[in-house]
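Please read the structure below before turning to the comments.
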Amino acid sequence: MTDPFAEVVALLQPTLPFSKATSGAGVWRVDGSGGGQPLFCVILEGGARLSLPGQDDRDLAESDFFLIPATHHFTLASLEKDGGNDASAVTQLAGETRHGDPDGAPNMRALVGRLAFGSPDAALLMALLPELVHVRGQKRLATIVQLIRGEALDDRPAREMVLERLLQVLLIEALRSASDTAASPGLLRGMADARLAVALRRMHESTERDWTVEQLANEAALSRSVFFARFRKAVGLSPMAYLIAWRMALAKSLLRRHEGGIKEIAERVGYASASAFSVAFTRFVGMPPTHYSRANGASIDVPTGT
């Protein structure tokens, strides 16, 4: 069956504009603002405390990985609270950024990085994920991050292609590892529910089908009312809102890549006619599909009489 995680990650087109090694010693504290960008971190040694607005603090240990899809304000600090050094001090050491005591033995080492996404639908797709993805004790994630950092620092043949594949693996591994513990609404929580996962996979597998809530509820073996309420609570969107959002993200990707005419794309994303698709696309995106295609550097065939 189609894997929604893989499809979302593929459409995101992840890149790695920034990564660095960091460490902390003594009492240290980092108050950051990510500007709404995705931030990830893997703890290689020691531990730290992560604080996010509106969430309980989380103590992180070796091999813990976290991804914040839309980072605004966050604090990463030492587990220790008392010490004689300046907690806000930052020193550039050989190969890493040191927080806290520049001369002390480190109580934390980590790799941190910022992701960027080539898809103009990144905000929509990331909204399907929880506010925080936290994976505990998965050493394979730390290994993947190390591979990504090594590839980013080396100027080797096919570097960008390898980085893209590694980043996709990183995101998919993080998402599937966190699916059982996702606390906030999003695709992860939906996929963690065995009944809802069937409906989500069917939507992605047969996007062209004229789905109704009743049909999706039958796929999930739930009554319509129970399915609707359970889906919206877990995913954060109603079933039809999720389906439309996915159809439009897929349609925009097809238009950008010039994969077929308006009628063909309309059929591939579940619309019976080019005109019905054009109306829905214009309402959702703010411009007709032909204008969107031209704005993204592609021409497209428009059938007559539709």
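The values are calculated or read from the model by the stated rules, or taken from the named source; none is laboratory data. All values reported here derive from a predicted model rather than from experimental measurement. Backbone-built Cβ (ideal geometry, glycine too); neighbour counts: all protein chains shown. Remember, those area values only see protein heavy atoms, side chains included, never the ligands or the DNA or RNA. Shrake-Rupley method; radii C 1.70, N 1.55, O 1.52, S 1.80 Å.
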* Identify, by number, the condition in (1) modelled with pLDDT under 95; (2) touching an Asp or Glu at 6+ places or on another chain (Cβ under 6 Å) that SER273 doesn't meet. => (2)
* Structure fact -> Of the conditions (1) more than 24 Å from GLY186 (Cα to Cα); (2) open to solvent by 40 Å² or more (accessible area, probe 1.4 Å), the single one that ARG114 does not satisfy is (1)
* Restrict the check to the range 41-55 and report whether at least one residue is surrounded by 15 or more Cβ atoms within 10 Å (Cβ to Cβ), within 15 Å of the chain's Cα centre (by Cα) and within 30 Å of LEU243 (Cβ to Cβ). => no
* Structure fact -> The residue that is least open to solvent (accessible area, probe 1.4 Å), considering only those in the range 1-16 that are of a type outside the set (Asp, Glu) and in a loop (DSSP other than H, G, I, E, B), is THR2
* To do: Have a look at SER33, SER19, SER88 and point out the one that is of a type in the set (Gly, Ala, Ser), open to solvent by 70 Å² or more (accessible area, probe 1.4 Å) and within 23 Å of PHE117 (Cα to Cα).
  => SER33
* To do: Report, by residue number, each residue of the range 147-167 that is under 20 Å from ILE68 (Cβ atoms) and open to solvent by 40 Å² or more (accessible area, probe 1.4 Å).
  => ARG149
* Structure fact -> Taking the range 248-264 and keeping only residues that are surrounded by fewer than 22 Cβ atoms within 10 Å (Cβ to Cβ) and in a helix (DSSP H, G or I), one is left with MET248, LEU250, SER253, LEU254, ARG256, LYS263, GLU264
* What number of residues in the range 249-273 are free of Cβ contacts under 8 Å to residues at least 60 places away in the same chain, hydrophobic (A, V, I, L, M, F, W, C) and under 18 Å from ARG209 (Cβ atoms)? -> 4
